[in-house]
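Take a look at the following structure, please.
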Amino acid sequence: MLSVAGVRAQQYYGMEGLISVPSADMDTVTVAHLGAHFVDQHMIPDKMVLDGEKYNSWTNYLTVQPFSWLEIGYGYTLMKFHRDMNPKAEVGYYSKDRYFSARLQPIRENKWWPSLVIGGQDVVGSGDKGESKSNYYRNFYVAASKHYELLGQLVGAHLAYRKWKLDCNDKWNGVVGGLTFQPSFYKPLRLIGEYDGDGVNVGADCTLFRYVMLQASLQKCKYFSGGVCLRVPLVRINK
């Protein structure tokens with residue numbers, strides 16, 4: 001079985017994955033991710049608007065992997081409003097859309113088969129009859145990942161089927177996936193290309209000193225998103 005070192009997160013909400021596409025990779029047990037991410041408006045749900053216009057935002061998150069087969073997380077996206085809901089008042093990030101996420105890995109990658117993950121975002125948010133009625137980020141997915149060593153380089157192939165709750169997010173429904181590439185000369189670096197159901201995104205992330213992860217990406221190959229994440233060992237990080 002290949003050893004997939006330096007697994008990285010979907011840093012806009014902290015769970016393992018590519019940029020906006022989930023994968024079936026898992027990180028080291030008892031490692032927490034604490035981060036912040038700038039999110040371009042093309043990456044947020046279409047219902048998150050102010051005066052009829054979408055806006056750029058920020059996310060913050062805390063995720064942890066208590067077992068080799070389970071990852072859980074909490075995060076939020078800042079939402080813009082007029083102060084006190086007065087359309088004539090100043091605009092600012094006066095609210096948050098909060099969400100809990102979870103991933104289960106029933107099958108671990110082997111020489112003969114890929115790893116498999118079942119997961120979701122906003123998995124315990126308010127329902128259709130709840131007070132917020134947002135469900136902006138609620139989606140569920142099944143993902144598979146397989147890695148191949150080619151001339152010392154590590155290539156990952158990732159495929160997922162995803163279903164979003166709100167009809168306005170239908171553009172991200174269905175089969176999504178991507179490729180990752182880790183060069184042998186600098187394994188902390190990972191190059192990413194993905195199809196999120198609505199377009200192609202490209203990016204890169206890098207782990208510095210084992211504890212700091214940086215990610216930069218271009219949505220639709222032209223709109224920047226990026227952030228920083230601290231990879232905190234709650235017990236220890238295996239060498």
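The values are calculated or read from the model by the stated rules, or taken from the named source; none is laboratory data. No experiment lies behind these values; they were computed from the predicted model shown. Virtual Cβ from ideal backbone geometry, glycine too; neighbours counted across all protein chains shown. Calculation scope for accessible area: heavy atoms of the full protein, side chains included, ligands and nucleic acids excluded. Shrake-Rupley method; radii C 1.70, N 1.55, O 1.52, S 1.80 Å.
Per-residue HN-Hα couplings for region 215-226, Karplus 6.51 cos²θ - 1.76 cosθ + 1.60 at θ = phi - 60°, whole Hz, x for Gly and Pro?
After applying 6.51 cos²θ - 1.76 cosθ + 1.60, I find 9, 10, 8, 10, 6, 6, 6, 8, 10, 6, 9, x Hz.
Using label points projected 7 Å from each Cα along Cα→Cβ, tell me how many nm separate Tyr195 and Met85, to one decimal.
4.3
Checking the cross-link filter: which aspartates and glutamates have an alpha carbon closer than 20 Å to that of Lys88, excluding same-chain neighbours under 8 positions apart?
List returned: Asp51, Glu53.
Which distance in nm do the two modelled labels at Val228 and Val49 give, with both placed 7 Å along the Cα-to-Cβ direction?
With each label placed 7 Å out from Cα toward Cβ, I get 3.5 nm.
Find which of Ile44, Phe185, Tyr195 sits farthest along the positive direction of the dipole of the chain, computed with +1 on the beta-carbon of Lys and Arg, -1 on that of Asp and Glu, about the Cα centre.
It is Phe185.
Keeping all protein chains in position, work out how much accessible area Leu34 exposes to a 1.4 Å probe, and write it in Å² to the nearest 10.
90
Simple spin-label model, 7 Å along Cα-to-Cβ: Glu149 to Ser68 in nm?
For the pair Glu149/Ser68, the computed spacing is 1.9 nm.
Of the accessible area of region 1-122, with the probe set at 1.4 angstrom, what percent is carbon plus sulfur?
Numbers: 3250 of 5490 Å².
Answer for region 1-122: carbon and sulfur cover 59 percent of the accessible area.
What accessible area per residue, rounded to a whole number of Å², is obtained for region 37-147 using a probe radius of 1.4 Å? It would help to have the intermediate numbers written out before the result.
Numbers: 5970 Å² over 111 residues.
Averaged over the residues of region 37-147, the accessible area is 54 Å².
Straight-line reach from Lys165: which aspartates and glutamates have Cα under 12 Å away, leaving out those fewer than 8 places along the same chain?
The qualifying aspartates and glutamates are Asp122, Asp128.
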